[in-house]
């Protein structure tokens, strides 16, 4: 029985990191983690495009535009939505997540989910290089693994 697993391999692959400027104190750290993971695993600086958008709401629109270019093996979406006193959080976080997943399915390209959805700024900071690690790193690692997995599955289909 064949078994397939991707490894974090960024060599000879292009990536885009789409990052929200809203809550930039958090998202900058997520970006740093993502870039560190990508370059540690073989991607070069020339292989990675960073695209800044105003907020989490705009992540899916930029992601769709980038995916339609057919330039990237995978995308990493980074942002931070912090719960407030109104239901705004629920709409932004839920719709951004849904549309990012939809874009990945439509274009058949991995879109790693690095959008923090936290109750407090302290929770977000803990996940952007604090006590809970760096979710930007984790998302980039998932993008690397999924890209390699897709390559392996494609090769098996051709065999």
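The values are calculated or read from the model by the stated rules, or taken from the named source; none is laboratory data. Model, not experiment: these values are computed from the prediction. With ideal geometry, Cβ positions are generated from the backbone for all residues, glycine too; neighbour counts draw on all protein chains shown.
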Reported set for the stretch 54-80 where residues are more than 21 Å from residue 150 (Cα to Cα), buried (at least 18 other Cβ atoms within 10 Å of the Cβ) and touching a strand residue (DSSP E or B) at 6+ places or on another chain (Cβ under 6 Å) is 56, 59, 62, 78, 79, 80
Expected output for the stretch 132-159 (first residue without any contact (Cβ under 8 Å) to a residue 60 or more places away in the chain, partner in a helix (DSSP H, G or I), Cβ below 6 Å, 6+ apart or cross-chain) is 132/126
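In the stretch 62-71, how many residues are touching a residue at least 12 places away in the same chain (Cβ under 8 Å) and out of contact with any helix residue (DSSP H, G or I) (no Cβ under 6 Å at 6 or more places or on another chain)?
Residues meeting the conditions: 4.
If you check 108, 148, which single one turns out to be crowded, with 22+ Cβ neighbours inside 10 Å, within 29 Å of residue 71 (Cβ to Cβ) and out of contact with any strand residue (DSSP E or B) (no Cβ under 9 Å at 6 or more places or on another chain)?
Numbers: 108 fails: crowded, with 22+ Cβ neighbours inside 10 Å.
Residue meeting the stated conditions: 148.
Tell me, yes or no, whether the stretch 50-60 has at least one residue that is in contact (Cβ under 8 Å) with a residue 40 or more places away in the chain and within 23 Å of residue 152 (Cα to Cα).
Within the stretch 50-60, not a single residue is in contact (Cβ under 8 Å) with a residue 40 or more places away in the chain and within 23 Å of residue 152 (Cα to Cα).
Can you give me the number of residues within the stretch 1-47 that are in a strand (DSSP E or B) and more than 21 Å from residue 129 (Cα to Cα)?
So the answer is 1.
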Notebook entry, point to check: Does residue 114 qualify as being in a helix (DSSP H, G or I) and surrounded by 23 or more Cβ atoms within 10 Å (Cβ to Cβ)?
Noted result: no
In the stretch 121-132, residues that are closer than 22 Å to residue 110 by Cα and either surrounded by fewer than 19 Cβ atoms within 10 Å (Cβ to Cβ) or at pLDDT below 95 (or both) total 0
Counted residues in the stretch 118-145 being in a helix (DSSP H, G or I) and either in contact with a helix residue (DSSP H, G or I) (Cβ under 9 Å, 6 or more places away or on another chain) or more than 21 Å from residue 50 (Cα to Cα) (or both) come to 15
Taking the stretch 64-84 and keeping only residues that are within 16 Å of residue 141 (Cα to Cα) and assigned to a strand (DSSP E or B), one is left with 74, 75, 76, 77, 78
